[in-house]
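Just below is one structure, and these are the notes that go with it.
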Amino acid sequence: MGIISTFDPKFKKQLLEKSNQEYGEKNVILIKKSHLFLCVKILLPFILWFSVLVTLITCAILYIPWTWLKITLCVIFVWSFAVPGYKILKYFLDYEMDFAVVTPKTFVMYNQTWFFKRSTKAIDLKHIRSVYVKKSWFINSVFNNGSIIVLTEWSAGNNVKEDGNNPGEVEFRYVYRPEYYSNRIQKLLSDLNDGSEV
């Protein structure tokens, strides 16, 4: 268990093991962020950010004759890049700690917003109306990435208002092969509707 209860790196593994024991491995679906998310949101920005920072510091050290100005500029450069660094760290947490687990009974999405904050959306499978995939942008099509969107009974147009406990729509973005996961969820839904035993 992690030192901070809302930030436990082993949480996903433990939850998956427990679900596999309860429902069987073939009936549990783990959905997580794709490698495209890792490249586009974390690695490329970090490389760019770090390269610019090193270039600016190197230029300041090599071309500015006054020591006090060199030190001042280096400190300013490092501090000015704290915001992109913070954003990259947040995306890294998303990549590592955001996931969804689908069992024959529930769809549960975990969202780690920061070290001290994690939110969970849980939907009983019998309340799910449909599951569909949304792909946009050229890069998502090329790398077979998209969003899985789950619509529930509380979706707009059903005369039932959405509230915090009953989300109308849940979207999980940057999923590799989203159609594969959508089909597996649809299979669990059809088994549930047919009354199949799991």
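This table checks each residue for (1) at pLDDT below 75; (2) farther than 21 Å from Y95 by Cα; (3) of a type in the set (S, T, Y).
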residue	(1), (2), (3)
S147	no, no, yes
V170	no, no, no
R184	no, yes, no
D194	no, yes, no
Within segment 77-123, the residues that are open to solvent by 10 Å² or more (accessible area, probe 1.4 Å) and aromatic (F, W, Y) are F77, W79, F81, Y86, Y91, F92, Y95, Y110, W114, F115, F116
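Tell me yes or no: at least one residue of segment 96-119 is within 18 Å of the chain's Cα centre (by Cα) and part of a helix (DSSP H, G or I). Before you say what the answer is, go through the steps one by one.
Our first condition is that a residue be within 18 Å of the chain's Cα centre (by Cα); within segment 96-119, this holds for 96-102, 107-119.
The next check asks that each one be part of a helix (DSSP H, G or I); those that pass are 96-97.
Yes, the conditions are met somewhere in segment 96-119.
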List every residue pair whose Cβ atoms sit under 7 Å apart, with the two residues 6 or more apart in sequence or on different chains, where the first one lies in segment 121-148 and is free of Cβ contacts under 8 Å to residues at least 12 places away in the same chain and the second, anywhere, is open to solvent by 60 Å² or more (accessible area, probe 1.4 Å) and outside any strand (DSSP E or B).
S141/K135
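Every residue, every condition in (1) outside any helix (DSSP H, G or I); (2) at pLDDT 90 or above; (3) hydrophobic (A, V, I, L, M, F, W, C), yes or no:
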site	(1), (2), (3)
L30	yes, yes, yes
L36	no, yes, yes
L43	no, yes, yes
F46	no, yes, yes
L56	no, no, yes
C59	no, no, yes
L69	no, no, yes
Here's a check for you: in segment 124-149, which residue that is touching an Asp or Glu at 6+ places or on another chain (Cβ under 7 Å) and assigned to a strand (DSSP E or B) is surrounded by the fewest Cβ atoms within 10 Å (Cβ to Cβ)?
R129
Pairs where the first residue, in segment 35-53, is open to solvent by 60 Å² or more (accessible area, probe 1.4 Å) and the second is in a helix (DSSP H, G or I), C-beta under 8 Å, 6+ apart
F46/I88
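The values are calculated or read from the model by the stated rules, or taken from the named source; none is laboratory data. Remember, predicted model here, so these are calculated numbers, not experimental data. Don't worry about glycine lacking a Cβ; one is built from the backbone with ideal geometry, like all the others, and counts go over all protein chains shown. Quick note on the areas: whole protein, heavy atoms, side chains included, nothing else; ligands and nucleic acids left out. Shrake-Rupley method; radii C 1.70, N 1.55, O 1.52, S 1.80 Å.
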